[in-house]
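Q: Here you go, one structure.
The values are calculated or read from the model by the stated rules, or taken from the named source; none is laboratory data. Since the structure is predicted, the reported quantities are computational estimates derived from the model, not experimental observations. Glycine gets a Cβ as well: all are built from the backbone with ideal geometry, and neighbour counts include every protein chain shown. Side chains included, ligands, DNA and RNA excluded: accessible areas come from the protein's heavy atoms. Shrake-Rupley method; radii C 1.70, N 1.55, O 1.52, S 1.80 Å.
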Amino acid sequence: MSASTENKDWLAELAPIAAEFSLEGRLVAAALHGSGHINQTFALTCATSSGRRRYVLQKINHHIFKNVPALQENIRRVTAHLAAKSPRALALVPTRAGSMCLQEAAGNWWRVYDFIEQAHSVDRVTNAAQAREAARAFGEFQAQLADLPGARLHETIPNFHHTRSRFEALRRAVSTDAQGRAAAVRAEIDFALAREADTDVLLGLLARGELTERVTHNDTKINNVMLDDATGRSAAVIDLDTVMPGLSLYDFGDMVRTAACSTVEDNPDATQMHVVLPYFRALVEGYLESAGSVLNATERAHLGFAGQLLAFETGLRFLADHLQGDVYFRIARTGHNLDRARTQFALVASIERERDAMARIVSDVFGPS
Ligand code: ADP
Ligand code: GN1
Ligand code: MG
């Protein structure tokens, strides 16, 4: 983030937008918040007769989410369903006109959530309990949405986890080479191309009916779960933009990618990235507790592979974005997406090496299938 963005007077800029929402009290502070790659997130503080009350205001990235009303319709249904089951579940705050989001004259879309207080998110797991809680929370989230009434949710980003499509997109980015960066990243490109066969494994199982489509989160990265400050237990699952039909293995795989790993996603030294087996075990245990009963034998058998696939898929996306000139993921430095791609591919290689150990952990936790 640039210094000018950091020093901006957000209160003055955001006050007219905040005024459109049904906030309690008087807006007294506004600041950038969190570390997501997609939306712009702000914490708003209001003074009320009973003390201060905080909200989260988000500018929704409409270049990525092209149909914001459909996206917000999904989130409205999902949050309403979760509210009846979890007291701290993420809750939308409507506009004064009763709508779930606001479009400004300039075209930007905004929404507000209640701030989840006395809780925090982490960008990196530092103990097994955090991994266990995250897996329990995302598994419970999925279990709670199993009886979501009504029509199939909108696909907010079509083919989001269609790994074959992500692979083909990388191939196109390499041949277009819009920024002239391909020659310098030949090793990463070759790493990706050598693993083409992996892209079709889960898609093939789905086509053969061995995997079941469910309502899944689809972005289960570790900083999308809020942990209670006092107990460390999960307080709420957040970032619901990609909640839509998907596979449990995508959710589990993205947890492995972000919670069973040794360092942050953008460590410039990719040699520091590898899978952490005790965290992987904690993820399997946590997931078993909340979602284990719904997983079939094929899903259980692919829990380790799912981590490898999601690290691969995300690496493909980072590398393609680097080649295209960083048009999708927010970056803070030149080469940021390349650093991210490198850690992801290092994680893929590490999971490939630990495949047997990970399979033993799964059968240890679940019992022999
Ligand atoms: P992005 O799509 O950009 O990742 P998120 O919805 O994940 O956006 O929000 C970014 C960060 O803001 C989260 O990682 C979390 O730390 C914080 N955050 C988001 N929603 C809330 C909330 N309701 N209460 C408290 N913190 C939140
Ligand atoms: C994005 O929104 P955020 O930062 O939680 C991305 C995920 C990637 C992740 C990589 C909508 O997640 O798919 O796995 O970055 N979200 C979207 O860090 O593309
Ligand atoms: Mg997020």
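Q: Which of the aspartates and glutamates could be linked to LYS66 by a straight reach, that is with a Cα gap under 20 Å, when you skip same-chain ones fewer than 8 residues away?
A: GLU104, GLU155, ASP219, ASP239, ASP241, ASP321, ASP326
Q: Further question on the same structure: Under 5 Å between amide H atoms, partner at least 5 residues away or on a different chain: which partners does MET244 have, H built in plane at 1.01 Å?
A: THR216
Q: What does the charge count near ASP364 come to, summing +1 for each Lys or Arg and -1 for each Asp or Glu among other residues with Cβ under 13 Å from its Cβ? Intermediate results must be reported in sequence, preceding the final value.
A: Numbers: positive: ARG281, ARG300, ARG360; negative: GLU285, ASP356.
Combined, the nearby Lys, Arg, Asp and Glu give +1.
Q: Which order, highest average first, do 334-341, 191-198, 171-178, 257-264 follow once you tally other Cβ atoms within 10 Å for each residue and take the mean per peptide?
A: Result, highest mean Cβ count within 10 Å first: 257-264, 334-341, 191-198, 171-178.
Q: Taking every alpha carbon pair in segment 267-369, what does the distance histogram look like in 5 angstrom bins from 0, in percent?
A: Whole-percent P(r) values from 0 Å outward: 2, 13, 20, 19, 14, 12, 10, 7, 2, 0.
Q: Give me the accessible area per residue for segment 139-191, probe 1.4 Å, as a whole number in Å².
A: 52
Q: Continuing with this model, one more query. Between the helical axis of 277-291 and the dominant principal axis of the chain, each derived from Cα atoms, what acute angle in degrees is found, rounded to the nearest 10?
A: 60
Q: For segment 265-276, in order, what is each residue's ³J(HN,Hα) by Karplus, 6.51 cos²θ - 1.76 cosθ + 1.60 with θ = phi - 60°, in whole Hz (x at glycine and Pro)?
A: In residue order, the calculated couplings are 4, 10, 4, x, 9, 5, 5, 7, 9, 7, 6, 10 Hz.
Q: Suppose R0 equals 25 Å; then what is the FRET efficiency for PHE115 and ASP147 from their Cβ-Cβ distance, rounded to the nearest 0.05?
A: Rounded to the nearest 0.05, the efficiency is 0.35.
Q: Grab the Cα-Cα distance for ALA178 and ILE64, subtract it from 0.36 nm times how many residues apart they are, and report the gain in nm with one decimal. Display every interim value, and only then the final one.
A: Details: separation 114, 0.36 × 114 = 41.04 nm, distance 1.98 nm.
That pair, ALA178 and ILE64, stretches by 39.1 nm at full extension.
Q: Write down the Kirkwood hydrodynamic radius of segment 1-160, to one decimal in angstroms, obtained as one divided by the mean of 1/r over all alpha carbon pairs.
A: For segment 1-160, inverting the mean 1/r across all distinct Cα pairs yields 17.5 Å.
Q: Shifting gears a bit: Taking all protein chains in place and a 1.4 Å probe, what share, in percent, of the accessible surface of segment 128-366 do carbon and sulfur account for?
A: C and S fraction of accessible area: 51 percent.
Q: Same structure again: Quote to one decimal, in nm, the extra length available between VAL264 and LEU277 on full extension: 0.36 nm per residue of separation minus the C-alpha distance between them.
A: Residue separation times 0.36 nm, minus the Cα-Cα distance, leaves 3.1 nm.
Q: Still on this structure: From the backbone phi of segment 129-146, what are the Karplus-calculated ³J(HN,Hα) couplings (6.51 cos²θ - 1.76 cosθ + 1.60, θ = phi - 60°) in whole Hz, Gly and Pro given as x?
A: 4, 5, 5, 4, 5, 4, 5, 4, 5, 5, x, 5, 3, 5, 5, 5, 8, 4
Q: Please compute the volume of the convex hull spanned by the alpha-carbon atoms of segment 108-202 and report it per residue in Å³.
A: 248
Q: Taking the Cα of VAL122, stepping 7 Å toward and past its beta carbon, and measuring to each backbone N in segment 228-254: which are under 12 Å?
A: Only 228-229, 232-234 fall inside the zone, counting backbone N under 12 Å.
Q: What is the distance in Å between the Cα centres of segment 181-259 and segment 303-369?
A: Value for the Cα centre distance between the two parts: 9 Å.
Q: Right, here's the next one. Taking only DSSP H segments of four or more residues, each worth -39500 (n - 2.57), what value at 222 nm results for the chain once the sum is divided by all its residues, to the nearest 500 deg cm²/dmol? Intermediate results must be reported in sequence, preceding the final value.
A: Values: 13 runs with 159 residues, N = 369.
Computed mean residue ellipticity for the chain: -13500 deg cm²/dmol.
Q: Karplus couplings for segment 346-360 from phi (6.51 cos²θ - 1.76 cosθ + 1.60, θ = phi - 60°), rounded to Hz, Gly and Pro as x?
A: Karplus values, whole Hz, x for Gly and Pro: 5, 5, 4, 4, 5, 5, 4, 6, 9, 3, 5, 4, 5, 5, 5.
Q: How much length, in nm to one decimal, is gained on full extension between ALA357 and ALA31, taken as 0.36 nm per residue of separation minus their Cα-Cα distance?
A: On the way: separation 326, 0.36 × 326 = 117.36 nm, distance 4.47 nm.
That pair, ALA357 and ALA31, stretches by 112.9 nm at full extension.
Q: In addition: What are the lysines whose alpha-carbon lies under 23 Å from the alpha-carbon of LYS59, with same-chain residues fewer than 8 places away excluded?
A: Hits, sequence-local ones excluded: LYS8, LYS221.
Q: Given C-alpha coordinates of the chain, what is the ratio Rg to Rh with the Kirkwood estimate of Rh? Don't skip to the answer; put the middle values down first.
A: Working: Rg = 20.5 Å, Rh = 21.4 Å.
That ratio is 0.96, to two decimals.
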